[in-house]
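The values are calculated or read from the model by the stated rules, or taken from the named source; none is laboratory data. Please read these numbers as outputs of a predicted model, since none were measured by experiment. As a convention, Cβ positions derive from the backbone with ideal geometry for all residues, glycine included, and neighbour counts pool all protein chains shown. Areas reflect the complete protein model, heavy atoms only, side chains present, ligands, DNA and RNA absent. Shrake-Rupley method; radii C 1.70, N 1.55, O 1.52, S 1.80 Å.
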Amino acid sequence: MYQAFYKLRGKPFQLTPDPGMLFPSKGHKRAMAYLLYGFEQGEGFVVITGAVGTGKTLLIQKLFEALAHRNIAVASIASANLDGDDILPAVASALDLPYEGRSKEALLQDVKRHLISLHARLTHALLVVDEAQTLTPAALEMLRILSNFEFKGRALLQIFLVGQTELRRIIVSNHMEQLRQRIIASHRLEPMSEEESRAYILHRLRAVGWNNDPELAPEIFSGVYLASRGIPRKINLVMDRLLLHGYLEELHDLDQAALTVVLDEIHEEMGGVPPSLEAPAAPQDLDLARAAAPSRRESRLAALDLERNKFMLQLMREEVRRREALLAASSQAPVEDEAMIADARYPRSGQEGK
């Protein structure tokens, strides 16, 4: 509707994730770095968390685009309260394996044989679990068991857990130390700053050929940020409705008055949601409030995660230097044994430090 009125090539603020529209915010750049580092390790868990609408799914889609030239077998699960007895059939189904009427032991063997066959074809097996915060502890434990599958010292399956912020709390509060030790990279996506929110809006408008029509008053950017709290999906919701309003009223200049009309309409439709579009956290009693507050243990674990991430960045830099050295050596003298290259890129624990 409004695309033709404003001479745009498409909808700049559609809610459906579009990798081509990804805005490279500081948080998303760091998250992509952790994802690529974790992928290169070829084992364990990579965990990406964030509030609803911060762009987790879009980030994963962008990762797959970056890895399109690699030999990868990707299996995806959109988790919906899967329990320990449900997760294994879901994994088998994602791998296109029969699962009906199969026992747990049989399914485990089927999955392992399939992963070994992928390994023989030099194919990287990756399982992506979206909405992972809805998994039960038993389901997470089964995924940990799957992540332990190996063949000739090489992990057969790598798992990406993508979920809302409470996923971290679930792992911590259920004392899943064995799973935590298998997490090789993790990152939490945060909402964008006001400056980034403004850049995000302009980025998406320019991506569809916006030529300052409609003209946006400066207060539009600050108003949208306050309403959305810097969450991309909420920015899309407000901006899409604002452009629609401009089209219906035949406006080529959008100001605070137009934004106020749109926000009032959204608040009425959402039935009492406050101006921030964010439902208030209102604990019913003191015990619930205490439960919602982060514990000392969680704070310590968060600090450890930060230190681990710093260490991982250092490892990433060392990995780049090692690859450059390998490429330089291979350009001078051909390497006949591919196993030597593999061991140099991914040394086994027993070989490290030699």
**Study point:** Area accessible to solvent at Leu36, 1.4 Å probe radius, in Å²
**Key:** 60
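Quick one: order His114, His252, His175, His28 from most to least accessible surface, probe 1.4 Å.
I get His175, His252, His114, His28, largest accessible area first.
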Review point. If you find the alpha carbon centre of the stretch 118-190 and of the stretch 12-41, how far apart are they in angstrom?
Key: 19
Exercise for review: Could you state the accessible area per residue of the stretch 198-270 in Å², with a 1.4 Å probe and every protein chain left in place?
Suggested key: 46
Study note, to complete from the structure: On the accessible surface of the stretch 174-277, probed at 1.4 Å with all protein chains in place, carbon and sulfur together account for a percent value of 47
Review point. Expressed as a whole number of Å, what is the distance separating the alpha-carbon centroids of the stretch 211-226 and the stretch 45-62?
Key: 27
Exercise for review: Enter the accessible area of Asp83 (Å², nearest 10), with the probe set to 1.4 Å and all protein chains included.
Suggested key: 70
Exercise for review: Pop out the ³J(HN,Hα) list for the stretch 255-264 in order, Karplus 6.51 cos²θ - 1.76 cosθ + 1.60 with θ = phi - 60°, rounded to Hz; leave Gly and Pro as x.
Suggested key: 10, 4, 4, 5, 5, 4, 4, 5, 5, 4
Point to revise | Shape box of the stretch 1-153 [Cα atoms, principal axes, largest first, Å] | key: 60, 30, 25
Review point. Taking a probe of 1.4 angstrom, what is the accessible area of Thr134 in Å², to the nearest 10?
Key: 40
Review point. Can you tell me the accessible area per residue over the stretch 26-145, all protein chains present, probe 1.4 angstrom, in square angstrom?
Key: 44
Study note, to complete from the structure: In whole Hz, the Karplus estimates of ³J(HN,Hα) for the stretch 85-98 (6.51, -1.76, 1.60; θ = phi - 60°; x where Gly or Pro) are 7, 9, 5, 5, x, 5, 5, 4, 4, 5, 8, 6, 9, x
Revision key, fill the gap. With all protein chains present, the stretch 114-173 has a carbon and sulfur share of its accessible area (1.4 Å probe) in percent of 57
Study note, to complete from the structure: In Å, the Kirkwood estimate of hydrodynamic radius for the stretch 131-177 over Cα pairs equals 11.6
Revision key, fill the gap. From highest to lowest solvent-accessible area (probe 1.4 Å; ligands, DNA and RNA excluded), Tyr2, Tyr225 read Tyr225, Tyr2
Review point. Once the dipole of the stretch 1-76 is set up with Lys and Arg at +1 and Asp and Glu at -1 on Cβ about the Cα centre, which of Pro12, Val46, Leu58 lies farthest towards its positive end?
Key: Pro12
Review point. With all protein chains present and a 1.4 Å probe, how do Asp86, Asp240 order by accessible area, largest first?
Key: Asp86, Asp240
